[in-house]
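What follows is one structure encoded as structure tokens, with my remarks underneath.
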Amino acid sequence: MERMTELKEVQTERGTLRYYDEGNGPVVLFLHGSGPGVTGWRNFRGILP
């Protein structure tokens, strides 16, 4: 099974932001609401280049 990248957190005055810092090269930022949560990206990983 593939190793999951560590989930990181940043505390702000408006709440907590959770994110993964993965790979190298240009930054790609995906923003989403509460829906599937921070791990929802796993559902789409296989179809992204």
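Every number here is computed from the coordinates shown, using simple stated rules; none is lab data. This is a predicted model, so every value here is computed, not measured. Glycine also receives a Cβ, built like all others from the backbone with ideal geometry; neighbour counts cover every protein chain displayed.
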Point to revise | Neighbour-count ranking [beta-carbon atoms within 10 angstrom, fewest first] of L29, L17 | key: L29, L17
Revision key, fill the gap. Residue-ordered couplings for the stretch 8-16, obtained by feeding phi - 60° into the Karplus form 6.51 cos²θ - 1.76 cosθ + 1.60 and rounding to whole Hz (Gly and Pro as x), are 9, 9, 10, 8, 10, 5, 9, x, 9
Study note, to complete from the structure: The answer for the net charge of residues other than D21 whose Cβ lies under 12 angstrom from its Cβ, with Lys and Arg +1 and Asp and Glu -1, is -1
